[in-house]
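Presented below is the structure to which this report refers.
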Amino acid sequence: MQSIHQDFSVEFSYDVHFTTGLFQPENELLTDAVADPEEPMPKKMVAVLDKGLLAHHEDLPDQIETYAKAHDDTLTLAASPIVVPGGEAAKNDPDLVNHIHQVIYESRLDRHAYVLAVGGGAVLDLAGYAAGTAHRGIRLIRVPTTVLSQNDSGVGVKNGINAFDTKNFLGTFEPPDAVLNDLSFLRTLDDRDWRAGISEAIKVGLLKDADFFDYLCNHASALAPPTRDLEAMTHVVYRCAELHLDHIATSGDPFEKGSSRPLDFGHWAAHKLEELTDYTLRHGEAVAIGIALDCAYSHLTGHLSSEALDRILDLTAALGFDLYVPELDAHLDAPDHPDSLFQGLDSFREHLGGELTIMLLNAIGEGIEVHSVDRDRYRDAVALLRRQHAERVEQDLSGTAS
C-alpha cells in the first residue's frame, strides 16, 4: 500500500499600526482592527493588562471599558480587564496562564473572539500563549507599551512562557491579528526600559542595515536618557519593526523549523545571563551584553575589524548600557557547571534543535553563521568586556572627583 503525501500552505497577514491615544473613544483604530463586514455582530473580547502600566496609567482599565461602551456595536468586553504582573514574573507563574484560560472559558469566548494584550513583551508573551492554546487559537491583538515590545517582540509571531527553569520552554507560533503601537505609552517608561529596547535596534542594524546603525550612532545622545527624544525614538521603533517584519516574511523560515535564527544574535548569552541574574537584568540589557560579547568574539576570531568593534562598543556606552556583569565570568573554566555562561550554548542549540548555529558579525550590516565556537576566544571576549567596563568605571570616578 502506497503512502499518502499531502502538501498545503496557509497565508498569514497582519498589520502593525502606529498611533497615539489608542483608547480615546474618538480613535477608531481598535474597532477597525476587529470590525468584519461578514460578521456584523459585536466581537467579544477579554483584555489582559500589564500591572506595571497602572503606576502611570491607573485609569487604563476604566478607559478600556469606556472605549468598549462607546463602540458597543463593534466590540464587547466579556469580563473586567485581567491585570497581571509585568516583566519576567508574567512568564514564570503558570497560575497566570490558568487564570486567563479560566476567564476565557467562563466568558464563553470562541475562536472568533479576541484577547487584547496590553503591556510589555513578557505580558504579550503570556497573553499570546494563553490565547494561542485556548480553543487551539483565539484571535489576538497586541498593544505593546515598551520600546522593546513595539520594535521587536510585539511585532513577531512568537508567544511563550518559561518552564523547568528554561526561558520560553512552552510556546506557540501564532501571528497576531493586528499590532497597535501607541507611542504615547513610551513617554512614561523609566529610563532603564526606554534604553533597554534600543538594544534590539542595534541588533537589526548590525545584521541588516548599516545605514540604520549609522542613524543610531548619530542620534545616540538624543535617544539616551535624559534627553529621550520621542521623534528619534519613533523612527527607531518604526525602522526596527520594519526590518523585523521583513525578516519574518522573506527569511523562508518564519516558524523556525530549521536551526538558523539570525534575529537571536547575542541571545544565547543574553538568555543565560537573565537566568543567572535571577532576571534582575532586563531582557534588553542582557541582549546588549550578549551582542557586545558576540561582536568581541567576532573580532577576536578574525571576522570583525577593530574599528567596527570600537564603533559598536562606543554606541552602547553612549546609550548608557553596562556591558559587563560578574555572572559573565562565573565558572567559565567549568563549562559543564549549571551556572556557567557556556551552558547557554547548549540551551540555545537544544531550543532550536539540530546543530548549533550562532550568528556572528563579518562587518556592520553583514552577519555570518557558524556552527562551532572556540571557548578560549569567548573567555578572551569576556575579559575584553571586563577591561572596558573597569576603564569606564575608572573614568567615571575620575570625572566625579574632578
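Read-outs throughout are calculated quantities, based only on the coordinates presented, and are distinct from any laboratory measurement. For clarity, every value in this text was computed on a predicted model and none was experimentally measured. When we count neighbours, we look across all protein chains shown, and the Cβ atoms used for this are built from the backbone with ideal geometry, even at glycine.
How charged is the neighbourhood of ASP15? Take every other residue with its Cβ under 12 Å from the Cβ of ASP15, and add Lys/Arg as +1 and Asp/Glu as -1.
-1
Provide, in order from the shortest bin, the percent of all Cα-Cα pairs of the range 191-393 in each 10 Å bin, continuing until the bin that contains the maximum pair distance.
9, 37, 39, 15, 1
Which translational diffusion coefficient, to the nearest whole µm²/s, is obtained for the range 322-384 from the Stokes-Einstein equation, given a Kirkwood hydrodynamic radius over C-alpha pairs, 4 °C and 1.567 mPa s?
Numbers: Rh = 13.0 Å.
For these conditions, the coefficient is 100 µm²/s.
Just report the Cα centroid separation between the range 48-80 and the range 174-198, whole Å.
Here the answer is 18 Å between Cα centres.
In the calculated pair distance distribution of the range 114-272, what percentage of Cα-Cα distances lie above 19 Å? Could you put the intermediate results ahead of the total?
Working: 6894 of 12561 pairs.
Distances greater than 19 Å cover 55 percent of the Cα pairs.
Would you mind pulling out the separation of the Cα centroids of the range 232-268 and the range 283-323, in Å?
One Cα centre to the other: 19 Å.
Rounded to the nearest 500, what is the 222 nm mean residue ellipticity of the chain from helices alone, with -39500 (n - 2.57) per DSSP H run of 4+ residues and division by all residues?
Working: 16 runs with 182 residues, N = 402.
When only DSSP H runs of four or more count, the value is -14000 deg cm²/dmol.
Just list whichever of LYS44/LYS272; LYS167/LYS203; LYS51/LYS167; LYS208/LYS257 have alpha carbons separated by over 28 Å in the model shown. Could you put the intermediate results ahead of the total?
On the way: LYS44/LYS272 39 Å; LYS167/LYS203 20 Å; LYS51/LYS167 21 Å; LYS208/LYS257 21 Å.
Where the Cα-Cα span goes over 28 Å, the pairs concerned are LYS44/LYS272.
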